[in-house]
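Quick notes on the structure that follows.
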Amino acid sequence: MSEIAVREGAARVMAIGVVIPVFRHSVLLVEAIESALAQGAVQVPLIVIVNDGCPHRETEAVCRAYAMAWPDRIRYVRKPNGGLSDARNVGIRHVLDAAPEVGAIYMLDADNRLRPGALARAAAELEAHPEADWIYPNIDMFGLTWAGDYGGEFSLLLHSRMNLCEAGSLIRRRVFEAGVFFDTDFQSGFEDWEFFLRAAEKRFLGRNLESFGFQYRKRGESMLAESEREAAVIRGEIERKHRGLYRPRRLVDLEQGEAPRFAVLLADRNEVLLTLDPAHGAVARLDVAEFERMWWLGQMRTTRHHLPPFLVVTRAAVWEALQATGLLHGSLWLLERRATDEAVAGLIVEAGEAARLAVFEERGVASGRLRADMVMASPALLRKLVWQMAGVGGEAVPAEEESLALIRVRMAPERLAEAGLAGITGALRRFLPSAAVPVPWSAGKALGAIAARLARSDYRAAAGHKWEWRHPDIGWRSRSHEVARVPTGAKAAFPRASDGRFHIGFVMPMVEFGGVERVALNIAAALKAAGMVPHLFVLEARNILFSAEWQEVFESVTFLGDPDFATWGPGQTLYQGTVVSDWARWGDHGDALGMMAWLDAALNFHGGAISGVMGQLRRFGVRTGLSLHLNDLSGFGRPVGNAYLGLAFEHAYDMVLPCSHQLGEWCHAMGIPEEKVVPVPNAPSFALPGGVMRRPRAAGAPLRVIYLGRLDAQKGLDRLTATLRRAKAEGISLRWRLIGKAVTDGGAALPEDIAAMLEPPILQGHMIAAALAEADVFFLPSYYEGLPLTVLEAMRSGVVPVATNVGAVREVLRDGENGVLLDGADVVGQAVAALQRLAGDDALLARLSAQAMADMAGRDWAQAVQPLVERLRAGVSG
């Protein structure tokens, strides 16, 4: 070959700089240098030896001798001791400055060595894969012999749990030019792990090379042994330094891109979707034959090839229906939690009550009862079924005979129709196969069928062979779904990944006919109008009111399903007279955290004990808010309740959101920093329908008095009864209308004659408006309140409020100007007197009505939530 051809060939070889830091490895250093020199002058034109202040004279002698013997290839740098990271950085910078032709730098510790041709192979791999930024080796140890296999795709998700990349990697120049160097604060070890974490966080990508040729010297006592003894401390420091990476939602985002959690078999389409977050669609779509190959490859090389750990079996109609109704993510999350406990979990979709949604569970269902519309099998169960059906490990056990958790989702019939399930609900577990005769179908049977196919597969024979001579060392590869669980301790991380939108959770113990729920709905609707995405989380109830209004506002609904959670109590301690539940302080918070850690913000609406997790959510970067509505009263008339519990956990919240300015002032007076208090004053809970106007009372007709709301003791039902009877006894011309039902355990029994007057509760805004249009006076004799929505809605319609002076009622109701405030001991007497005046003075009634309407003009939720929107968009202070 001519000299010109040699030069041209050499020009095509990537030039590599080698950095060798040395401290107390005087003799071993010779092997490292010789192995670097043996890589060839064309491949390695520059070797930088950095003496990190080694106290051994021999180190100086060896370094000088080599620098003098190879002046064109070896540079010797001596510096005061600063630790391994500092020595590497000095060497890297020297290469960058002295050798602009170098395209990559290799880190070689003084006690390790390279096989001949190692760097040529690594450089060729870099050239072949321009997307790769460093090439890392498997770990072949000498001395104490051991070999570790780190093959497979590089994954930042897995790298967050274990170091996949040895410092002895070939790293492109562009990584260092982007400012990624070794952190000199890491003096005790794992500095290479931290370096590659930072590189990967800057979107640089590593790639494993099977036959790299790196040799790692292993001795009984070493720096690595010291690091392993301090592993917990060093890991903690890494997690603090990379706090953003170790947040649950960041880990779920990585899982979505690198290791989809679910393989979803749509049995009627013969299709398998690989996904984590269904809202992002499938990462891949496979036919069953492709999945069969993937599954067996995952069995043969569990640490090299990702296999979705959970197999979900269903039909397309069920999958799409759950997605359309906002239940899919919560269902997958609940199924995963239960499959973790029971190995297999099933879900049945059933018709329920109109305008309601319910989720019920049965545990340990007996043999033969799995007739589900969807099942989720744990990795262990599917392997067990396959090997048993293959005749290994005992008699085959059909999926339907496994112990399982069964979840029943009951939707309103109209929701089933909207979701496209109306025609098959009730017969959802039957379909027509290729044969003409109908046969029973269930997801459990379909699970058994796919397991049988896998057991018959031709790939099965390969699973009996050992394909790697190295020890498979990436155990987290087959447990990738557990990585995002670690920060929360949850049985399952919620399967939602970031999509660029602002997701905000509304956390409630129940959803019924109550003021708190209506406030939550309206705040959610206003935030949605401002561009945010509301999600509903139900903490304690299993059966909720979920009307069309709620369905329209919330993108998803999830039930916590924690049998140990209770909104209130029991608790061993009090905070200013309010019970602080043991669950809030010492309970297992893992599932609640796992449910909400993916959110951008979480707002607690009277969730009681859930305050106990808000501080942890805040640490994960979730903005937290506490919606406050009122102070309850104990049986002795002492203020207690959610507001006081909020004071106990004030540090856990970024914002406190009182429903009135009066309550906001109380919060500040009780010690909450003024910057945290963001009032969201209540407004009418529905837009007034066009054309609905209050009809004035006809001349000589009875005064029309309405009570509309919950039939709970708090509302002063004893006062209502006494007022009604006394007004009747005094001959006041009144026509009463009582509308509502009991919601809480504090419901009060009404006398039979009063109960006979009751009308069912009305929920839709146009129906409430219609009821108010037929009234003159709204009566609310409560013992305690926040800022009642019903008062605001009545005033807007021109219905004169007659209400007790409790909570923030005085904030909107001015006695004698736009209504009547009842204050003092004799509420009933005052109420009767007020009703008598209004019944006999049309001018007074008209004046109060007009002023009430004027005072409510322009009061709406868009205006009310604006400070909250600004705070959420700008970031939360405090």
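Summary table below
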item: Candidate set from the stretch 465-492 (those that are under 17 Å from Gly590 (Cα atoms) and of a type in the set (D, E, K, R)); member that is surrounded by the fewest Cβ atoms within 10 Å (Cβ to Cβ); result: Glu482
item: Hey, Arg285 charged (D, E, K, R) and not in a loop (DSSP other than H, G, I, E, B) or not; result: yes
item: Entirely in the stretch 493-593, the strands (runs of 3 or more DSSP E) that have 1 or more residues that are buried (at least 23 other Cβ atoms within 10 Å of the Cβ); result: 503-508, 533-538, 556-559, 578-580
item: The stretch 522-569: number of residues that are touching a Pro at 6+ places or on another chain (Cβ under 9 Å) and closer than 17 Å to Ala862 by Cβ; result: 7
item: Where Tyr136 falls short, out of the listed (1) surrounded by fewer than 15 Cβ atoms within 10 Å (Cβ to Cβ); (2) within 23 Å of Met14 (Cβ to Cβ); (3) touching a Cys at 6+ places or on another chain (Cβ under 9 Å); result: (1)
item: Failed criterion for Arg873 (all others in (1) at pLDDT below 95; (2) outside any loop (DSSP other than H, G, I, E, B); (3) over 29 Å from Leu527 (Cβ atoms) hold); result: (3)
item: Long-range neighbours under 6 Å by Cβ, at least six apart or interchain, first residue closer than 11 Å to Leu708 by Cβ within the stretch 769-786, second in a helix (DSSP H, G or I) and modelled with pLDDT of 95 or more; result: Leu772/Ala794; Phe778/Ala794
item: Pairs with Cβ under 7 Å, 6+ apart, first in the stretch 307-324 and without any contact (Cβ under 8 Å) to a residue 24 or more places away in the chain, second part of a strand (DSSP E or B); result: none
item: Count of the stretch 614-640 residues which are small (Gly, Ala, Ser), in contact (Cβ under 8 Å) with a residue 12 or more places away in the chain and either surrounded by fewer than 24 Cβ atoms within 10 Å (Cβ to Cβ) or on the phi > 0 side of the Ramachandran plot (or both); result: 3
item: Condition broken by Ala279, with the remaining ones in (1) in contact with a Gly (Cβ under 8 Å, 6 or more places away or on another chain); (2) surrounded by fewer than 18 Cβ atoms within 10 Å (Cβ to Cβ) satisfied; result: (1)
item: Listing of helices (runs of 4 or more DSSP H) fully contained in the stretch 299-403 that carry 1 or more residues being in the same structural domain as Gly444 (by TED's automatic domain parsing), modelled with pLDDT of 85 or more and within 24 Å of Glu482 (Cβ to Cβ); result: 328-342, 379-389
item: The stretch 620-640 - residue that is aliphatic (A, V, I, L, M) and closer than 18 Å to Val809 by Cα and, of those, nearest to the chain's Cα centre (by Cα); result: Leu628
item: Enumeration of residues in the stretch 712-741 that are touching a helix residue (DSSP H, G or I) at 6+ places or on another chain (Cβ under 6 Å), surrounded by 21 or more Cβ atoms within 10 Å (Cβ to Cβ) and not β-branched (Val, Ile, Thr); result: Ala727, Leu734
item: Any hit, the stretch 117-127, residues being more than 17 Å from Val13 (Cβ to Cβ) and touching a residue at least 40 places away in the same chain (Cβ under 8 Å); result: no
item: Test for Tyr106: is it under 23 Å from Arg470 (Cα atoms), within 48 Å of the chain's Cα centre (by Cα) and not in a helix (DSSP H, G or I); result: no
item: Tally, over the stretch 653-672, of residues that are surrounded by fewer than 21 Cβ atoms within 10 Å (Cβ to Cβ) and either touching a helix residue (DSSP H, G or I) at 6+ places or on another chain (Cβ under 6 Å) or not assigned by TED's automatic domain parsing to the domain that holds Leu603 (or both); result: 3
item: Every residue from the stretch 168-195 that is surrounded by 18 or more Cβ atoms within 10 Å (Cβ to Cβ) and closer than 20 Å to Glu127 by Cα; result: Gly168, Ser169, Leu170, Ile171, Arg172, Arg173, Val175, Phe176
item: Out of Arg726, Arg737, sole residue that is at pLDDT 95 or above, within 30 Å of Ala354 (Cα to Cα) and basic (Lys, Arg); result: Arg737
item: Among (1) of a type outside the set (Phe, Trp, Tyr); (2) touching a strand residue (DSSP E or B) at 6+ places or on another chain (Cβ under 8 Å); (3) farther than 21 Å from Ala520 by Cα - the single one Glu674 does not satisfy; result: (2)
item: Criterion (farther than 23 Å from Gly858 by Cα, over 45 Å from the mean Cα position of the chain (by Cα) and at pLDDT below 95) met by exactly one of Pro751, Pro760; result: Pro751
item: Residue ID - farthest from the chain's Cα centre (by Cα), chosen from residues in the stretch 312-327 that are under 22 Å from Val538 (Cα atoms) and among the aliphatic types (A, V, I, L, M); result: Ala321
item: Residues (surrounded by fewer than 24 Cβ atoms within 10 Å (Cβ to Cβ) and either in contact with a Ser or Thr (Cβ under 6 Å, 6 or more places away or on another chain) or in the same structural domain as Val640 (by TED's automatic domain parsing) (or both)) located in the stretch 773-797; result: Pro781, Leu789
item: Residue within the stretch 827-836 that is over 21 Å from Ala520 (Cα atoms), surrounded by fewer than 17 Cβ atoms within 10 Å (Cβ to Cβ) and outside the structural domain of Leu599 (by TED's automatic domain parsing) present; result: yes
item: Strands (runs of 3 or more DSSP E) within the stretch 133-209 that include 3 or more residues not basic (Lys, Arg); result: 134-137, 139-143, 146-149, 206-209
item: Verdict on Asp712 being of a type in the set (Asp, Glu), assigned by TED's automatic domain parsing to the domain that holds Leu772 and at pLDDT below 90; result: yes
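Let's see how each residue does on (1) under 34 Å from the mean Cα position of the chain (by Cα); (2) in contact (Cβ under 8 Å) with a residue 40 or more places away in the chain:
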{"site": "His668", "(1), (2)": "yes, no"}
{"site": "Val680", "(1), (2)": "yes, yes"}
{"site": "Ser685", "(1), (2)": "yes, yes"}
{"site": "Ala722", "(1), (2)": "no, yes"}
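Here is a yes/no grid of residues against (1) out of contact with any Ser or Thr (no Cβ under 8 Å at 6 or more places or on another chain); (2) basic (Lys, Arg):
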position: Gly819; (1), (2): yes, no
position: Val832; (1), (2): no, no
position: Arg837; (1), (2): yes, yes
position: Asp841; (1), (2): yes, no
position: Leu844; (1), (2): yes, no
position: Met853; (1), (2): no, no
position: Gly858; (1), (2): yes, no
position: Gln866; (1), (2): yes, no
position: Val869; (1), (2): yes, no
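To keep it simple, each residue is scored yes or no on (1) touching a strand residue (DSSP E or B) at 6+ places or on another chain (Cβ under 8 Å); (2) in the same structural domain as Arg383 (by TED's automatic domain parsing); (3) not charged (D, E, K, R).
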residue	(1), (2), (3)
Leu447	yes, yes, yes
Ala451	no, yes, yes
Leu454	no, yes, yes
Glu468	yes, yes, no
Glu482	no, no, no
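The values are calculated or read from the model by the stated rules, or taken from the named source; none is laboratory data. All values reported here derive from a predicted model rather than from experimental measurement. Because the Cβ atoms are built from the backbone with ideal geometry, glycine has one as well, and the counts that use them run over all protein chains shown.
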